[in-house]
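As structure tokens, the structure follows; a few thoughts come after it.
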Amino acid sequence: MRDLRYRELLRQRYDFSCGSAALASLLHYGYGLDVDEPALIEKMMAGADPREVVRNGFSMLDMKRYVEGIGMRAHGFRIDADALYRLQMPVIALLDLRGYRHFVVIKGAAGGRVFVADPALGHRVMPQAEFERGWNGIVLAVVGDRPMRADSYLVGDRSSPALQRRGDALERATAAPRAAEYALTLSDWF
């Protein structure tokens, strides 16, 4: 069961490294890049204040700088919870869980639930209300020069065949238009 919980998800190694583990998971399992958390931490630390990182963790700006340094693009967007239902690719979000700031990968949402790849707890499903209480409405979208792997466990929810079938049926019935570049609907861009 533990193997499924962390399937295609790198576990964070340190208290401060949820952001680097989330980003490394997205790059490695989503885009197929040869990157792991220790190497990513080392490179991200080079452009950051190590004391600040150990105290508060990496920021989305640290992640954006790293991504742009390897020739990809990263953009932050402020979106509402309804946009989570229209995500066409995984994004990174910062949650405040009882005073503890924690980065996760959002895989999508359906039926009042948000599907999260959590570097500390593994793949999990959060009730939307609980997710919204801890979320500031900002996501980081990472875009490469290659498409995201369609077979990645991070693309959509694959934790339950029943939920997957239900989501597939809903998507066919109410599919949102695909945005060409960032996989967010155009209304979420502007």
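The values are calculated or read from the model by the stated rules, or taken from the named source; none is laboratory data. This one's a predicted model, so the numbers in the text were calculated from it and none came from an experiment. Every residue, glycine among them, receives a Cβ derived from its backbone with ideal geometry; neighbour counts consider all protein chains shown.
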Mind checking whether some residue in the stretch 56-71 is aliphatic (A, V, I, L, M), closer than 24 Å to residue 149 by Cα and part of a loop (DSSP other than H, G, I, E, B)?
yes
Step by step: first the residues of the stretch 121-138, then only those that are of a type in the set (Gly, Ala, Ser) and in contact (Cβ under 8 Å) with a residue 40 or more places away in the chain, then the one that is surrounded by the fewest Cβ atoms within 10 Å (Cβ to Cβ). Which residue is that?
137
Those residues of the stretch 137-159 which are over 19 Å from residue 72 (Cα atoms), in a loop (DSSP other than H, G, I, E, B) and either in contact with a strand residue (DSSP E or B) (Cβ under 8 Å, 6 or more places away or on another chain) or of a type in the set (Gly, Ala, Ser) (or both) amount to 153, 156, 157, 159
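I want to confirm something. Restricting to the stretch 1-54 and keeping residues that are of a type in the set (Ser, Thr, Tyr) and touching a helix residue (DSSP H, G or I) at 6+ places or on another chain (Cβ under 7 Å), which single residue is surrounded by the most Cβ atoms within 10 Å (Cβ to Cβ)?
That would be 20.
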Lone qualifier among 150, 141 - being buried (at least 20 other Cβ atoms within 10 Å of the Cβ), aliphatic (A, V, I, L, M), at pLDDT 50 or above and within 23 Å of residue 22 (Cα to Cα)
141
Give the stretch 88-120 a look and list any residue that's in contact (Cβ under 8 Å) with a residue 40 or more places away in the chain, over 11 Å from the mean Cα position of the chain (by Cα) and either assigned to a loop (DSSP other than H, G, I, E, B) or more than 24 Å from residue 67 (Cα to Cα) (or both), or say none.
88, 110, 111, 120
Condition check for residue 58: surrounded by 20 or more Cβ atoms within 10 Å (Cβ to Cβ), of a type in the set (Phe, Trp, Tyr), closer than 24 Å to residue 134 by Cβ and without any contact (Cβ under 8 Å) to a residue 60 or more places away in the chain
yes
Which residues, taken from the stretch 121-136, are out of contact with any strand residue (DSSP E or B) (no Cβ under 8 Å at 6 or more places or on another chain) and in a helix (DSSP H, G or I)?
129, 130, 132, 133
